[in-house]
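As structure tokens, the structure follows; a few thoughts come after it.
The values are calculated or read from the model by the stated rules, or taken from the named source; none is laboratory data. Since we're looking at a predicted model, the values are computed, not measured. Here the Cβ positions follow ideal geometry from the backbone for every residue, glycine too, while neighbour counts run over all protein chains shown.
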Amino acid sequence: MEKPYDKINGRAVSALAVGGNYFHLSHPDVAESGVYGAQPLSIALNSVPQCIPQQIHDLGEAGYSLAHPIQIVLNIHPDEVCADWPEVNLQGRGETEKEAMDNLKKEILDAYDDLMETPYEQLAGSMPAYKRILSGVIAKH
């Protein structure tokens, strides 16, 4: 069965479905076609964040050191940058990559200090695992 978005003005087109939205690949004036609110693929790709693997080599604070670099992901959106350390569910945001990474470092230090002060018995959910990860990566002098 032919779908309504298979042809526009009698021409066959290719479509890509992303998150329930259709993005047409080969029809030049699809944005004006009104077919399911379709938009050109270039617009769709510009709205997807660019993900860049990155490493943190220091926490930027005297008295703390890392046993090894921390693997993070920078998600670059058009209006902000998010620095994520998914392993411990921490995130820093900013207008630039540096600002996002600096904010993530602050979050890491806050989480480390809070978790190191809390006995394992008082931690719930994923917190004991996060404490083990942080204590294995960070040393306080």
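Here are a few things to note about the model shown:
- The numbered conditions (1) modelled with pLDDT of 90 or more; (2) over 27 Å from residue 129 (Cα atoms); (3) aliphatic (A, V, I, L, M) are all true for residue 109 except (2).
- Scan of the stretch 110-135 for residues that are within 24 Å of the chain's Cα centre (by Cα), surrounded by fewer than 12 Cβ atoms within 10 Å (Cβ to Cβ) and within 23 Å of residue 62 (Cβ to Cβ), ordered by number: 110
- Scanning the stretch 88-109 for residues that are within 14 Å of the chain's Cα centre (by Cα) and of a type in the set (A, V, I, L, M) yields 88, 90, 100, 101, 104.
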